[in-house]
Amino acid sequence: MVERQGEVKDEAQVDLVEAFGTWLSEIRGASPHTLRAYLREAKQFCRWILERNKTPLHARPSDLRAFLAMRRRSGLGERSLQRSLSCIKAFFHFLEDHEYIEEDPSSSLRGPKARHKLPFVLTQKEVELLLSLDYGEGFRGLRDRALMEALYSTGCRISELLSLKVQGLDLWSGQVRVLGKGRKERICLLGPPARQALEAYLPARTALLKKLGEERNTLFLGERGTTLTDRRARQILKDLGLRAGLARVPTPHTLRHSFATHLVDHGADLRTVQELLGHSQLVTTQIYTQLSLERLREVYQKAHPLCQESPPSREGDSCA
């Protein structure tokens with residue numbers, strides 16, 4: 001018999017969620033974005049089941065199915081519903097692992113099969129347009145250029161880039177040491193434009209910290225000498241995208257997708273791209289071959305004589 005089962009009362013659910021957050025952060029190595037999403041879902045589930053005079057420790061599979069059905073009725077799409085299920089499964093895995101419950105009620109649940117939607121990527125011309133903007137020569141301009149060049153050059157997640165330390169940067173060899181998901185460390189590469197942008201930014205960074213009388217190891221800083229936030233980085237890219245006149249506003253992950261797609265377009269093998277992106281499974285990286293095929297199909301349909309608006313000259317010819 002599990003000794004701790006049932007010992008947590010309704011009013012202590014907040015402590016339970018906080019312990020779950022600590023486990024996610026320290027053991028699972030969850031990113032800040034993932035941590036926020038999982039805790040938000042866990043709190044919502046705890047509130048929901050408390051209204052039914054139960055605690056998570058007494059939840060049954062039928063309760064979890066009812067909660068997910070409620071989430072679907074609230075307008076959640078298939079992918080969002082799958083994420084909700086993943087959060088709930090992680091929460092109950094934590095409860096079982098720490099012996100709050102004897103058996104995980106979520107183990108038998110299966111979510112809906114989400115339709116795989118290809119991610120939005122920029123063309124190489126659009127990336128060149130974005131990076132050719134006049135960023136200015138002040139601290140902000142030098143930092144923004146270094147940030148954008150590093151995003152596209154390394155293919156890092158924005159959370160990985162914002163947590164970079166100056167000590168992990170080796171401009172001479174064009175390498176940067178990145179701490180990814182699950183606290184797995186990997187080496188990412190910096191091309192000449194990114195190295196030049198970082199070389200220009202570092203003296204401005206040093207001057208800012210000296211002026212403020214601060215010391216900071218984080219590479220990318222805000223104007224007040226604090227670590228640049230995820231929200232601010234996204235706003236910077238949004239503003240740059242609008243300035244460049246891009247048809248669709250890019251996000252930091254757009255540059256990550258574009259980095260991988262352009263590598264595959266130019267013949268990079270999937271294993272190399274997998275290593276650079278920090279994917280644990282090759283199947284995650286294979287989506288970029290689909291993106292490349294989509295691009296090939298677009299070019300083919302625009303260029304092939306039988307794919308033009310005029311009807312084919314021979315019966316039965318088709319570009320389908």
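Mind pulling the per residue volume of the convex hull built on the Cα atoms of the range 82-201? Å³ is fine. Write down the numbers at each step before the final one.
Details: hull volume 18.3 nm³, N = 120.
For the range 82-201, the hull spanned by Cα atoms encloses 153 Å³ per residue.
I need the Debye-formula profile for the range 10-97: one equal scatterer per C-alpha, no solvent, reported as log10 I(q)/I(0) at q = 0.13, 0.18 1/Å, two decimals.
Computed log10 I(q)/I(0) values: -0.39, -0.77.
State, in angstrom, two size descriptors of the range 124-301 derived from its alpha carbons: Rg to one decimal place and Dmax to the nearest whole number.
Final numbers for Rg and Dmax: 16.6, 60 Å.
Mind listing which trypsin sites (Lys or Arg not before Pro) in the range 83-176 are in a DSSP loop and have 10 or fewer other Cβ atoms within 10 Å? Walk me through the numbers on the way to the answer.
Working: sites: Arg83, Lys89, Arg110, Lys113, Arg115, Lys117, Lys125, Arg140, Arg143, Arg145, Arg157, Lys165; in loops: Arg110, Lys113, Arg115, Lys117, Arg157.
Passing sites in the range 83-176 are Arg110, Lys113, Arg115, Lys117.
Scan the range 9-88 for GluC sites (Glu not before Pro) in coil per DSSP, keeping those whose Cβ has at most 16 other Cβ atoms within 10 Å, and list them by number.
Answer in residue order: Glu51.
Among residues other than Arg243 whose Cβ falls under 12 Å from its Cβ, what is the net charge (Lys/Arg +1, Asp/Glu -1)? Spell out each step's value before the answer.
On the way: positive: Lys238; negative: Asp134, Asp144, Asp239.
Net of charged neighbours comes to -2.
Quick one: which of Lys165/Lys211; Lys181/Lys211; Lys210/Lys238; Lys43/Lys89; Lys43/Lys238 span more than 23 angstrom between C-alpha atoms?
Numbers: Lys165/Lys211 20 Å; Lys181/Lys211 35 Å; Lys210/Lys238 30 Å; Lys43/Lys89 14 Å; Lys43/Lys238 31 Å.
The pairs that break the limit, which is 23 Å between Cα atoms, are Lys181/Lys211; Lys210/Lys238; Lys43/Lys238.
Each value in this text was obtained by applying a stated rule to the coordinates, not by laboratory testing. Predicted model, so just to flag it, every value in this text is computed and none were measured. Neighbour counts are summed over all protein chains in view; Cβ atoms, including those assigned to glycine, are modelled from backbone coordinates with ideal geometry.
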